[in-house]
Each structure stands twice: as structure tokens, then as C-alpha cells.
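Taking it in order: structure first as C-alpha cells, then the write-up.
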Amino acid sequence: MSTATAHPNIALAKYWGKRDERLILPATGSLSMTLDVFPTTTTVSLTDADEDSVVLDGETLTSDEAARVTTVLDLVREASGRREYAAVSSTNTVPTAAGLASSAAAFAALATAAADAYGLSADGALLSRLARRGSGSACRSIFGGLVRWNAGDSDDTSFAEPLAWAGPDLGMVVAVVSSARKSVSSREAMRRTIATSPYFPAWVESNAALLEQMSIAVDAGDFTLLGELTEQSALRMHASMFGAVPPVRYLTAASIALFDAVGELRASGLECYATADAGPNVKVLCRADDAQAVSNRLAEIVPNAEYRVAHTGTGARLVEEEAE
Ligand code: PMV
């Protein structure tokens, strides 16, 4: 029995769109910050049952719901040469499927626990590739701090790596405007954007270029450039979805109010930048030293949201079971 824990990550340069659906190869690379809040803990035990079982927050998933978990387990079985089925139990501390990247933490924890349970000796790159097959963004939660997912062009070459950040310690204020389940999954929304949005090609081209600029900002420790590019990548990603038919619109009036409020704080000299994913919640990048002030000020301007202050967190890791 092996247990691992992992944290969500928030993309600063977004991943949106796959060039290969089965292998989950992304249209462009992406760059994220791993958080120190909302961990997911996952236990994998080998069983003599005749199928895998998956329990998420105490509820047993149907085999359809568990399909992506089974995909990752199959890959680990293949790589380790073992055949036993597994019992998987996972506990999220973040509202599931509300655009807060619970799947990223979950699949990073799953890959780490499953590799250990099956005796597979896996380095970070292999764990990242395994996590990617559950949910693309999960490949980044294998590592802590700032992380770049290189798009690659094959299963072997598409994985994340940790980056050295030379700038000030980072904070991220998570503004939860809704913890309802999202109406369209990111998988379906990506498909629709690729198939119908005239802006998708422009998104791919511009985001690939933005990622290179952002990597330079990371090397240089340039917080302002990192932040400006973060907002651009988020808005361009959502613009590509707005162009889909029917449109995919995850941002609500409350999300837009938060982007405006972040602009107000910036204008007043409190430097921070907004981003949002496949849901209405907004995450605000700032210096760690400013995070509490950003959270307090946002709560004054947009009171009907819940705020949580986060910082950079660690990558996925095995945890010792408590002695019985
Ligand atoms: O990994 P998925 O399928 O949950 O896609 C996540 C996509 C975004 O969260 C919207 C952006 C990103 O890079 O995390």
C-alpha cells in the first residue's frame, strides 16, 4: 500500500488544446506555479480483486468515471511488468471540478502512489508522463515551485520540469466565486474550441511565443513581466473559447469584476495579476509579501467571493502511513 500527496498548480502560461487526444500531447507548452494549499492524498493498494476500484472522497466511481485512473494504472502495470488490480482511494481538499485544478493534484498523487505500489522505479520525468495521461495539467503537479511542461511531440518527450525562479517569493490569492461543478469539462471545451473557434490557431501561435518570453522572465526573476504575460495568456485562452460554436464561457460577471479589481489594485501601486481556468474562479498572482494585502483589498471590492492566500508549494511526494 502506497500513499502520496500532491498540490494543484495554476498555469501562468496556459495549456489549452491537444494535438493528440489519446496521448494527451498539448498544442503548446505551458508554465505553472504549484500551490501550497488544497492537497489531494491518494492511496493505491494492490488487490486480488478482478478489477480496479476507485473511491473519491468516499464515493465509489463507476468504471466510466474511473476510466482515466485505469488508464494510468494500466501504464504503470505495463511499465512494472505486474498485473494485479488496484484499489485506489483519494481525498481532495478542494472543490472538485470547479476550475481549481483538483484533477492535477489527483493524477500527480495517483502516478506517484501507483509507481511506488507496483515497485516501478520512476524519476520525475516518468512520473510526469504518467500523470499527464490522466489529466494533462497533472504532469506539472509532480514538481514544486514554477514548472514548465514542454509540449514535446511524443509520449516520451512531453513532460514537465521544475524551473529556477530568481525573483521575489510568489503568492497567489485564490478567489472562489463558485464551487459548483463546471458545466462543460475542459476536455470537451478544448475539443469544441479546436473544432469550431477561428481564434484557435492564433491562440496556439501566440501562446507558444508567450511561453518563450515567460521562460525568459523566469530566468531573469522579472516579476512584472511574469505577471503581465500571465494575464495575457489567460485572456487569450478565454478569447479562443469565446469564439467556439456554441461558445464556451467559464467566466462569469463575478470573474470579470475580479479582473477589474485586480487592475484597480495595480493602478493603486499594489502589483498583482489575474488568471482563470476552466471555471469562474480567479487566481491572483502577487509577491508573497503582498498576498494578504491583495486578499484583503479584493475582499473589500468584491465581497461575495471567498479568498484563500497561497504560496508556492512542493511537488508530489510519498507519505508514510501512520502506524496503526
Ligand atoms: O488538464 P486539464 O484537462 O484539466 O486541462 C486544464 C486546462 C487549464 O486548467 C484551463 C489550463 C492549464 O494549463 O492548467
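The values are calculated or read from the model by the stated rules, or taken from the named source; none is laboratory data. All figures in this text were calculated on a predicted structure; none of them were measured in a lab. Cβ sites come from the backbone with ideal geometry, for glycine too, and all protein chains shown count toward neighbours. Side chains are part of the model used for accessible areas, which takes the heavy atoms of the whole protein and leaves out ligands, DNA and RNA. Shrake-Rupley method; radii C 1.70, N 1.55, O 1.52, S 1.80 Å.
Only one of these conditions is not met by W16: (1) in a loop (DSSP other than H, G, I, E, B); (2) over 30 Å from A151 (Cβ atoms). Which number is it? For W16, the failing item is (2). Checking each residue in the stretch 228-252 for being of a type outside the set (G, A, S) and open to solvent by less than 80 Å² (accessible area, probe 1.4 Å) picks out L229, T230, E231, Q232, M237, H238, M241, P246, V248, Y250, L251, T252.
R148 meets all of the listed conditions (1) within 18 Å of the chain's Cα centre (by Cα); (2) over 22 Å from M33 (Cα atoms) but one, namely (2).
With the stretch 61-174 as the region, which helices (runs of 4 or more DSSP H) entirely inside it contain at least 3 residues that are crowded, with 16+ Cβ neighbours inside 10 Å and charged (D, E, K, R)? Reasoning before the result, please.
Working: elements: 67-80, 102-117, 124-134.
Ranges flagged: 124-134.
Go through (1) within 14 Å of the ligand (Cβ to nearest atom); (2) out of contact with any Cys (no Cβ under 9 Å at 6 or more places or on another chain); (3) at positive phi and name the single condition G58 misses. The number of the failed condition is (1). Applying the set (1) within 16 Å of the chain's Cα centre (by Cα); (2) more than 17 Å from T312 (Cα to Cα) to S178 leaves exactly one unmet item: (1).
Annotation: of all residues in the stretch 186-203 being in contact (Cβ under 8 Å) with a residue 24 or more places away in the chain and closer than 29 Å to R308 by Cα, the one that is surrounded by the most Cβ atoms within 10 Å (Cβ to Cβ) is M190. Only residues that are more than 9 Å from the ligand (Cβ to nearest atom) and open to solvent by 10 Å² or more (accessible area, probe 1.4 Å): list them for the stretch 8-28, please. Answer for the stretch 8-28, where residues must be more than 9 Å from the ligand (Cβ to nearest atom) and open to solvent by 10 Å² or more (accessible area, probe 1.4 Å): R19, D20, E21, R22, L23, A27. Given the structure, is T5 open to solvent by 10 Å² or more (accessible area, probe 1.4 Å) and either away from the ligand (no atom under 12 Å from the Cβ) or in the same structural domain as L226 (by TED's automatic domain parsing) (or both)? Taking the combined requirement at face value, the residue satisfies it. Taking the numbered list (1) within 16 Å of the ligand (Cβ to nearest atom); (2) closer than 22 Å to E271 by Cβ; (3) touching a helix residue (DSSP H, G or I) at 6+ places or on another chain (Cβ under 6 Å) in turn, A217 passes all entries but (1). Could you tell me how many of the residues in the stretch 143-172 are within 13 Å of the ligand (Cβ to nearest atom) and closer than 19 Å to L75 by Cβ? Selection size over the stretch 143-172: 3.
Taking the stretch 31-60 as the range and being outside any loop (DSSP other than H, G, I, E, B), open to solvent by 70 Å² or more (accessible area, probe 1.4 Å) and at pLDDT 95 or above as the test, only T60 passes.
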